[in-house]
Amino acid sequence: MDGFQDHEEYIRVSNEKGACLYPKKNLKPLFYRAGFRPMDSPKDHSPKPLEFLLTSSDRESLDSVTVFNLGKYYPTYYHLAIEEAYPGSLVPALSPSGREIGKASALFLEQVRWEGSGIAKDGTKYHFAGNGRYETYDLEWGWGAGYGYQVYPYRTIAVNFKDLCAKLGPKVSRCNKSKAIGALAFLPGIREKRIRMPNGKIHDGYFCINDTGSPEYIRGDRMDIFVGLHGGGSPYQPKEQSRNIFLDAGIQPLVPWDWKFYTSEKQREWCSEDKIPSDPSRLKEGECSLDYHFNAPEKGWEVRVFFRKDGSLIRCKP
């Protein structure tokens, strides 16, 4: 920034690591309703109890099962898009077959593409079906990654299942999404944070790995935590638009500047896992020094899964 003066073609951009002057022509405007506060949603965001997520035999055996450490995962947050926050011109929402199934704000439907699902002003729930098409659904929150699994606030984690299976290795024979989806995960750091949830209880650190995300963003040791109608922690939005309970408790998500190199808006530098040392300070020049393992190692959270005595993976119920 040294040597530059503010100019109408540039805007000063700041974050916790500094500031710079950025060309206005490269900025993408965001439109949302000023003053909207997702945290004010009356819908109960309390985590589903373990009695709802697990069979009674699995709950009773958690103290005597085999624990497998997957290593550290780095979080972001995702949520249901809400049309109330993104008003605008109505456009048709088309089904996979091309049939019009409703009308909603174009800005809202764009958010549904980003988040996966959303709720329109008229109460219709839309799920992104790919290729600019949508499906409607009637569930409490939304679908997971298939096989009858649903997503629940502060209980659902989305991962890349191919990468999860690579971590599980031979412990799950011929591992694929059908065999790994729903895996019960435990994040000891979340339990240690003693985060008080809307029902007054402290979060116990258990989650279900029952959703996935775009491989452009959710892959390797990345995880996306579902937070219902609460905010997704976007650094580009006002705090009241992006708040959620975990973020307020200090569970910081990865942000774009945790990657130091982009080849395009979506393509960024990714570190291959075989180059990730336990101590990021030991990285050699050029090895992962452009991605989050080097720039934000403190954001990683240890994730554990469980195996029964017969060697089978403990999974949440669909």
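The table that follows gives values for the structure above.
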| quantity | calculated |
| --- | --- |
| Solvent-accessible area, 1.4 Å probe, carbon plus sulfur percent, for the chain | 49 |
| Amide H contacts of residue 134 (H built 1.01 Å from N, under 5 Å, at least 5 apart or other chain) | 94, 95, 129 |
| Size of charge dipole - the stretch 149-242 - debye, nearest 20, with Cβ of Lys, Arg +1 and Asp, Glu -1, no other charges | 340 |
| Radius 13 Å from Cβ of residue 316, net charge of other residues (Lys, Arg +1; Asp, Glu -1) | +2 |
| Long-range HN-HN contacts of residue 104 with modeled amide H, under 5 Å | 91, 93 |
| Candidate residues 138, 221, 310: accessible-area rank, largest first, probe 1.4 Å | 138, 310, 221 |
| Modelled FRET efficiency - R0 25 Å, residue 178 with residue 129, Cβ distances, 0.05 increments | 0.75 |
| Net charge of neighbours whose Cβ lies under 10 Å from the Cβ of residue 241, counting Lys and Arg as +1 and Asp and Glu as -1 | +3 |
| Compactness relative to 2.2 N^0.38 Å, alpha carbon Rg of the stretch 14-64 | 2.31 |
| Cβ-derived FRET efficiency at R0 51 Å, residue 284 paired with residue 52, nearest 0.05 | 0.60 |
| Cα-based Kirkwood hydrodynamic radius, the stretch 175-318, one decimal, Å | 17.3 |
| Rg/Rh for the stretch 200-252, where both radii come from Cα atoms and Rh is the Kirkwood radius | 0.98 |
| Partners for residue 201 among lysines (Cα-Cα distance below 20 Å; same-chain residues under 8 apart left out) | 43, 48, 193 |
| Against the rule of thumb 2.2 N^0.38 Å, how large the Cα Rg of the stretch 48-90 comes out | 2.09 |
| Loop-resident sites, the stretch 85-165, for GluC sites (Glu not before Pro), counting at most 13 other Cβ within 10 Å (DSSP) | 140 |
| Table column - 3J(HN,Hα) (Hz), the stretch 86-103, Karplus curve with 6.51, -1.76, 1.60, x for Gly and Pro | 10, x, x, 4, 7, 9, x, 9, 9, 6, x, 7, x, 7, 6, 10, x, 10 |
| Whole-angstrom gap from the stretch 22-92 to the stretch 159-209, using each part's C-alpha centre | 15 |
| 11 Å beta-carbon shell around residue 232, net charge (K/R +1, D/E -1) | -1 |
| Positive-end extreme of charge dipole, the chain - chosen from 233, 104, 180 (charges on Cβ) | 180 |
| For the chain, convex hull of alpha carbons as volume per residue, Å³ | 162 |
| Check: the stretch 240-318 dipole with +1 on Lys, Arg Cβ and -1 on Asp, Glu Cβ, in debye | 480 |
| Rounded to the nearest 20 debye, dipole of the chain from Cβ charges on Lys, Arg, Asp, Glu | 640 |
| Cysteines having no other Cys beta carbon under 4.7 Å from their own, within the chain | 20 |
| Where only C-alpha atoms are counted, convex hull volume of the stretch 34-185 per residue in Å³ | 150 |
| Loop-located trypsin sites (Lys or Arg not before Pro) in the stretch 58-147 whose Cβ has at most 12 other Cβ within 10 Å (DSSP) | 99 |
| For the chain, accessible area per residue (1.4 Å probe, heavy atoms of protein chains only), Å² | 53 |
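The values are calculated or read from the model by the stated rules, or taken from the named source; none is laboratory data. Here the structure is a predicted model, which is why all the values come from computation and not from measurement. Every residue, glycine among them, receives a Cβ derived from its backbone with ideal geometry; neighbour counts consider all protein chains shown. Protein only, heavy atoms only, side chains kept; ligands, DNA and RNA dropped before computing areas. Shrake-Rupley method; radii C 1.70, N 1.55, O 1.52, S 1.80 Å.
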